[in-house]
Amino acid sequence: MSQILIIYTGGTIGMMSDPNTKVLKPINFDQIMDNVPELEKLNCKLKIHSFHEIIDSSNMNPAIWSELAGLIESNYDSVDGFVILHGSDTMAFTASALSFMLENLNKPIIFTGSQLPISAVRTDAKENLMTSIEIAKAKKNELARVPEVCIYFDYKLFRGNRSFKYNSSKFEAFRSPNYPILAESGVHLRFSQNDIRHPKENSQLIVHKNLVNDVAVLKLYPGIGPKVVEAILKADVRGIIMETFGAGNTTTDQWFIDMIKDAINSGKVILDISQCKVGTVELGRYDTSRQLKEIGVANGYDMTYESAVTKMMFLLGQNKDPQVVKNLLEIDLRGEITVS
Ligand code: ASP
């Protein structure tokens, strides 16, 4: 019989409305289980780990990601897969972070949650939870069907580091426009076998627990001035995510290019990702990105914002030279980018 570890971190799935204030607040895991008697029929053994502090995922942080990675490591050999209950607000960040932290993963890590609490009459939580468990235990020829860090929500399975929360009011909370879904659930559970990543044969899990949050974000807009750009570039951080226009373009004003150049020369790594949710950065395609390429800005291709931030934290945590970090940012490590 398959064994699945359910890790409960918090989120709406396990919240209840306070009768006095009407504010949604976390409840404990037993109360969640009471709402899903169907779990008994799943024909698998469920182990439960509830975090000491149950949180709204807006309070998520890299220390908890390390704790999660440690928990997965210590249970890795004894279970077939993991289901992580997590708030949807920052789920894509946690899933992206975990994808980088868990190298050579060969078991499913399925993040899920819901838009309505599990006790609500019209809740989406039950389907999300039940199907996540089904996916976590799914095997073919004794091997896990989806040995990846994923998000399951509203009948779709996404690669974690390709997805983002795009809707706060529909059940369809997530999308991954730059990568196909890995499975879809309907009358049948259909896996897109060709889009699922598998680790190299006989490779062993390596867990990287050290993330460094020395990261800042520079989001461009027409009219951004030297004061704002300087404040961000001079912040005491080692990595900067630059959210640019279209295919990775920025203003060509000399003061801007000079500031970026100085920041890189001072040892900072600057990663160019686009404000567009679909498509890819193509440094050098337009004159408005040619100089960025020449001065050593890293190409983020079609990476999500969530992946960019967590990949930067992960690589900075490896204590590598800025040039090595830049090179690794541009390489597909866990299926997070499409390098053409
Ligand atoms: N605020 C909640 C959270 O992220 C929203 C959710 O669970 O969907 O924890």
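The values are calculated or read from the model by the stated rules, or taken from the named source; none is laboratory data. Since we're looking at a predicted model, the values are computed, not measured. No Cβ is skipped: glycine too gets one built from the backbone with ideal geometry, and neighbour counts run over all protein chains shown.
In the stretch 282-293, the residues that are more than 21 Å from Ile337 (Cβ to Cβ) reach residues that are in a helix (DSSP H, G or I) with C-beta atoms within less than 9 angstrom, at least six apart or across chains, in these pairs: Gln291/Ile257; Gln291/Ile260; Gln291/Lys261.
Looking at the stretch 104-117 only, could you name the residues that are away from the ligand (no atom under 16 Å from the Cβ) and part of a loop (DSSP other than H, G, I, E, B)? If the condition is that a residue be away from the ligand (no atom under 16 Å from the Cβ) and part of a loop (DSSP other than H, G, I, E, B), then Asn104, Leu105, Asn106, Lys107, Pro108 are the ones that fit.
The C-beta contact set for the stretch 71-82 (first residue closer than 16 Å to Pro147 by Cβ, second residue surrounded by fewer than 16 Cβ atoms within 10 Å (Cβ to Cβ) and not β-branched (Val, Ile, Thr), distance under 7 angstrom, 6+ apart or interchain) comprises Tyr76/Leu205; Val79/Gln3; Val79/Lys47; Asp80/Gln3.
Strands (runs of 3 or more DSSP E) fully within the stretch 1-103 that include at least 2 residues being away from the ligand (no atom under 11 Å from the Cβ) and surrounded by fewer than 23 Cβ atoms within 10 Å (Cβ to Cβ): 3-10, 15-17, 45-55.
Residues that are within 20 Å of the chain's Cα centre (by Cα) and over 18 Å from Asp302 (Cβ atoms) within the stretch 171-191 comprise Phe171, Glu172, Ala173, Ala183, Glu184, listed in sequence order. Going by what's in this entry, would Ser119 be described as touching a residue at least 24 places away in the same chain (Cβ under 8 Å) and in contact with a Lys or Arg (Cβ under 6 Å, 6 or more places away or on another chain)? No: the conditions fail for Ser119.
Scanning the stretch 126-139 for residues that are touching a residue at least 12 places away in the same chain (Cβ under 8 Å) and closer than 24 Å to Gly279 by Cα turns up nothing. Contact map, the stretch 47-70: first residue closer than 14 Å to Ser96 by Cβ and in contact (Cβ under 8 Å) with a residue 60 or more places away in the chain, second residue in a helix (DSSP H, G or I) and within 12 Å of the ligand (Cβ to nearest atom), Cβ cut-off under 8 Å, separation 6 or more or different chains; pairs are Trp65/Thr94; Leu68/Thr94.
Does Ala69 satisfy the condition of being in contact with a His (Cβ under 8 Å, 6 or more places away or on another chain), at pLDDT 95 or above and not β-branched (Val, Ile, Thr)? So Ala69 passes the test.
When Asn104, Asn43, Asn61, Asn75 are screened for being closer than 20 Å to Asn128 by Cβ and not aromatic (Phe, Trp, Tyr), only Asn43 passes.
Selection over the stretch 189-209 of residues that are at pLDDT 95 or above and out of contact with any helix residue (DSSP H, G or I) (no Cβ under 7 Å at 6 or more places or on another chain) gives a count of 11.
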